[in-house]
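Data block below; observations after.
The values are calculated or read from the model by the stated rules, or taken from the named source; none is laboratory data. Values in this document were obtained by computation on a predicted structure and should not be read as measured data. Please note: Cβ atoms are built from the backbone with ideal geometry, for glycine as well, and neighbour counts cover all protein chains shown. We work out accessible area using only protein heavy atoms, side chains counted, and drop any ligands, DNA or RNA first. Shrake-Rupley method; radii C 1.70, N 1.55, O 1.52, S 1.80 Å.
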Amino acid sequence: MKNWSEAYRPKALFEVIGQENAIEKLENYIKNFPSKKKAVILNGPPGTGKTTLAHVIAREREYEVYELNASDLRNKSSLNEKLKPVLEQKPLFESGKIILADEVDGISGVDRGGVTELVSLIEDSEYPIICTANDAWSSKLSPLRKKCEIIEMKEISPADVKKVLNIILKKEKVAVSADVVNRIAIKSNGDLRSAINDLESASKLGSSEVIEIDARNKQTDIFKTMRYIFQDKATEEMLSAFDQVDMSLDDIILWIEENIPKVYSGADLARAYQRLAEADIFKGRIYHQQYWRFLVYENALLSYGIAEAKGKKEKGGFYKYSKPERILKMWLNNQKHAKRKSIAEKFSSATHVGQKRILREWNEIKNILKSPLVQKQLKLENEEVEYILKGC
Ligand SMILES: Nc1ncnc2c1ncn2[C@@H]1O[C@H](COP(=O)(O)OP(=O)(O)OP(=O)(O)O)[C@@H](O)[C@H]1O
Ligand SMILES: [Mg+2]
């Protein structure tokens with residue numbers, strides 16, 4: 001089953017919310033292609049509809065989309081290989097085509113491949129090229145900027161986020177309190193994808209818990225830092241890479257674990273996993289023996305250690321980093337256990353059965369808890385009752 005943010009990805013232009021300006025500019029670019037600026041960069045924060053808009057605009061015009069990924073831009077021959085079907089002439093059945101270079105700020109190899117390949121592709125292309133970026137103004141993209149019109153995509157306003165969330169709730173036929181929807185909309189910081197994800201988890205918890213999954217601005221920092229460590233040449237300065245990231249090393253391990261296989265492969269990946277495992281051992285010692293000075297080693301393995309696992313070279317190309325699924329799962333799990341524990345406490349004080357035993361025999365006990373009479377006697381909160389009725 002698709003998650004909600006995928007299931008509700010707009011399929012038509014009118015469904016793309018809050019980006020009227022960008023839509024108009026992009027339509028003009030495609031209508032007037034080729035013009036002086038031969039490509040565009042959709043530039044804006046995460047979750048504002050950049051990738052979606054590129055696909056939707058193609059779909060409305062029945063254009064095919066050719067999406068370039070990390071390895072395609074490594075050198076000329078891999079790029080040509082990928083674009084062969086696009087560049088081949090098929091005059092009889094010619095349909096429109098769009099080339100999509102998603103997340104170009106993931107390119108890091110400045111001298112070889114990467115930006116240079118993309119720029120020369122733009123110079124030669126007979127088809128419109130849409131790039132997307134979170135930070136089109138970074139210095140490494142300056143050769144690309146010269147060839148591109150930059151179209152800014154705005155953060156989605158809280159009011160618009162709320163509108164989208166309420167439409168989804170209606171379609172899913174589930175209720176989440178207006179207060180929670182409000183809070184999600186404000187906390188999203190204009191990132192509609194994360195707002196939809198938070199809404200989905202809130203609906204699954206079936207309660208009015210405060211959504212504190214993690215602050216949105218932390219994510220941009222960690223994405224930048226991962227790009228730095230995974231893709232730039234390993235240097236000693238990397239030892240302080242995490243100083244600016246407002247996140248614990250425990251969380252950073254999860255982010256690295258989730259994303260490292262997207263960038264590293266073969267022996268590099270094996271080495272990186274080895275260092276992750278070593279960092280995890282220090283983490284264990286820190287917890288069990290309270291050896292705080294081991295934090296230095298854990299930090300070094302996760303920063304310089306991971307960077308150095310790829311050798312001393314830079315790594316060009318686009319990589320789509322993502323948030324670790326495990327954080328959300330662990331959070332959901334903890335929520336679940338928190339409820340179970342609070343119910344067990346009440347059950348234990350009413351029956352004098354030990355809490356451990358209650359938790360061990362939960363499968364039987366949860367059936368007893370289904371009785372409204374028992375629920376009343378234990379003075380269960382609405383949320384606890386809801387939890388039991390959902391089958392725990
Ligand atoms: N403007 C929008 N209108 C409607 N839905 C949106 C919009 N922006 C984002 N979404 C929702 O968020 C999801 C992610 O959007 P999308 O992948 O286009 O973001 P993006 O801007 O490309 O983000 P990133 O920078 O992380 O790649 C979509 O599937 C959709 O559900
Ligand atoms: Mg995108």
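Which value, in Å³ per residue, describes the convex hull spanned by the Cα atoms of the stretch 217-308? Display every interim value, and only then the final one.
Working: hull volume 7.6 nm³, N = 92.
Per residue, the Cα convex hull of the stretch 217-308 comes to 83 Å³.
I'd like the carbon and sulfur percentage of the solvent accessible area for the stretch 19-152, probe radius 1.4 Å, heavy atoms only, ligands and nucleic acids excluded.
On the way: 3180 of 6450 Å².
Taking all protein chains in place, the stretch 19-152 shows 49 percent carbon and sulfur surface.
Sequence neighbours fewer than 8 away in the same chain don't count; with that in mind, list the lysines whose C-alpha is under 17 Å from LYS82.
By straight Cα distance, LYS82 reaches LYS90, LYS97.
If you average the alpha carbon positions of the stretch 241-257 and of the stretch 339-392, how far apart do those two centres end up, in angstrom?
Here the two parts' Cα centres lie 37 Å apart.
Going through the cross-link list LYS36/LYS320; LYS146/LYS320; LYS170/LYS341; LYS224/LYS312; LYS76/LYS233; LYS283/LYS390, which pairs have a Cα-Cα distance over 27 Å in this structure? Could the numbers behind the result be given before it?
Numbers: LYS36/LYS320 30 Å; LYS146/LYS320 24 Å; LYS170/LYS341 33 Å; LYS224/LYS312 19 Å; LYS76/LYS233 22 Å; LYS283/LYS390 36 Å.
Distance filter (> 27 Å) returns LYS36/LYS320; LYS170/LYS341; LYS283/LYS390.
Between GLU364 and GLU172, take the C-beta separation as r, use R0 = 41 Å, and let me know the FRET efficiency to the nearest 0.05. Mind dumping the intermediate values first?
On the way: r = 33 Å, r/R0 = 0.80.
After rounding to 0.05, the efficiency reads 0.80.
If each DSSP helix of 4+ residues adds -39,500 (n - 2.57) and the sum is divided by the residues in the chain, what number results at 222 nm, nearest 500 deg cm²/dmol?
Numbers: 18 runs with 210 residues, N = 392.
Computed mean residue ellipticity for the chain: -16500 deg cm²/dmol.
With the chain treated as a Gaussian network of Cα nodes joined by springs under 10 Å, which of ASN32, ASN134, ASN75 yields the largest mean-square fluctuation?
Greatest mean-square fluctuation among the candidates belongs to ASN32.
Across 20 Å bins from 0, what is the distribution of all Cα-Cα pair distances for the chain, in whole percents?
Using 20 Å bins, I get a P(r) of 23, 47, 25, 5, 0 for the chain.
So, counting K/R as plus one and D/E as minus one, what does the shell of residues with Cβ under 14 Å around LYS154 add up to? Mind showing how you got there, number by number?
Values: positive: LYS25, LYS50; negative: GLU20, GLU24, GLU152, GLU155, ASP160, ASP191.
Net of charged neighbours comes to -4.
Quick check: the distance between the Cα centres of the stretch 125-165 and the stretch 1-33, to the nearest angstrom?
Distance between centres, Cα-based: 12 Å.
Could you provide, to the nearest whole Å², the per residue accessible area of the chain with probe 1.4 Å?
On the way: 20940 Å² over 392 residues.
Ligands and nucleic acids excluded, the result is 53 Å² per residue.
What's the local net charge at ASP243, with K and R +1, D and E -1, over the other residues with C-beta under 12 Å away?
Values: positive: none; negative: ASP221, GLU237, ASP246.
Overall, the nearby charge balance is -3.
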